[in-house]
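Data block below; observations after.
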Amino acid sequence: MVLNAIINRKSVRSYSEKPVSDGDIKSILEAGIMAPSWVNVQPWQFIVVKNQEHKDILSKAAGGQKQVSSASALICCVADMTAWEADKFSKVMEKQGRDSQTREYILASKMLNPSLLGEYETLLRTVEQMSYSIGYMTLRAEELGIGCCIVGAVSNELTSKEEGSIRSVKEMLGLGEKQILHSILALGYEKAPSAALKSRKNFDEVVSFEKIGNKFQVV
Ligand SMILES: Cc1cc2nc3c(=O)[nH]c(=O)nc-3n(C[C@H](O)[C@H](O)[C@H](O)COP(=O)(O)O)c2cc1C
């Protein structure tokens, strides 16, 4: 049940030697690509990395975070702004069965096609879609008994001015100008398995009824 995965999932940063199988990696990715997205645009690319040298480079790009170099496998989650380009966007809509008139309408609508609003809006919407997909992958990993850690503190065009290192990571991953390494999902079996200790804001701190600050109560 999905609720079990939600409750039991936690960030795992220390892994045993046991490798995560390709079949399980594929299953995690399949959950990710099932995520919903804005007009189904799916502005993401996922790159599986197992090569130790490459994992070390990515760990460095993540400020030396050890779970990146020690993970059995990494899924590099790439925000793919090219997905909004008219031909690609139109293609996914066509695959979904939208007729040409609807496709043209969506492509011309500033409400439905954020790429018409500029780079910032495109980036914002792309990053937004990534979150759903990554969330799904973490839950599938949990369901498979595989530990994972989202690593968002990674050096990219948005977070760093170190152009040289960003370029070399982009080259290593084969990314184009409009493809940004958004985050890394580190995967591995937890070294010393333990229960999830959830530290979250209280329900009433973040949930309201009708107006912010009014308690939501089950009647
Ligand atoms: C977008 C995002 C980026 C994150 N980046 C990092 C990171 O760079 N390094 C890390 O150790 N954890 C990272 N985390 C994990 C959070 O620290 C973690 O989810 C949070 O503390 C709650 O703990 P839990 O996942 O165990 O429930 C990230 C989580 C999210 C959602």
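We did not get these values from a lab; they are worked out from the coordinates using the rules stated. Quick caveat: nothing in here was measured; it's all calculated off a predicted structure. Cβ atoms come from the backbone with ideal geometry, glycine included; neighbour counts cover every protein chain shown.
Placing pseudo-labels 7 Å out from each Cα toward the beta carbon at K95 and V218 gives an inter-label distance of 4.0 nm. Length gained on full extension, N202 to E104, computed as 0.36 nm times the residue gap minus the Cα-Cα distance: 30.7 nm. The peptide list 18-26, 210-218, put in order of mean Cβ contacts within 10 Å with the highest first, becomes 18-26, 210-218.
Quick one: dipole size for the stretch 150-219, taken about the Cα centre, charges +1 on Lys/Arg Cβ and -1 on Asp/Glu Cβ, in debye to the nearest 20.
Values: 10 positive and 9 negative charges, 50 e Å.
In debye, rounded to 20, the stretch 150-219 gives about 240.
Label zone of S16 (point 7 Å out along Cα→Cβ, amide N under 20 Å): in the stretch 52-84 this covers 67-74. In this label model, E85 and S131 are separated by 2.8 nm, measuring between points 7 Å along each Cα→Cβ vector. For the options A73, A186, A195, a Gaussian network treatment of the chain with springs between C-alpha atoms closer than 10 Å singles out A195 as fluctuating the most.
A straight chain from D56 to M34 at 0.36 nm per residue would run longer than the Cα-Cα distance by 5.0 nm. The stretch between K26 and L3, if pulled fully straight at 0.36 nm per residue, gains 6.1 nm over its current Cα-Cα span.
Here the contact order of the stretch 2-194, divided by its residue count and restricted to Cα pairs under 8 Å and six or more residues apart, works out to 37 percent.
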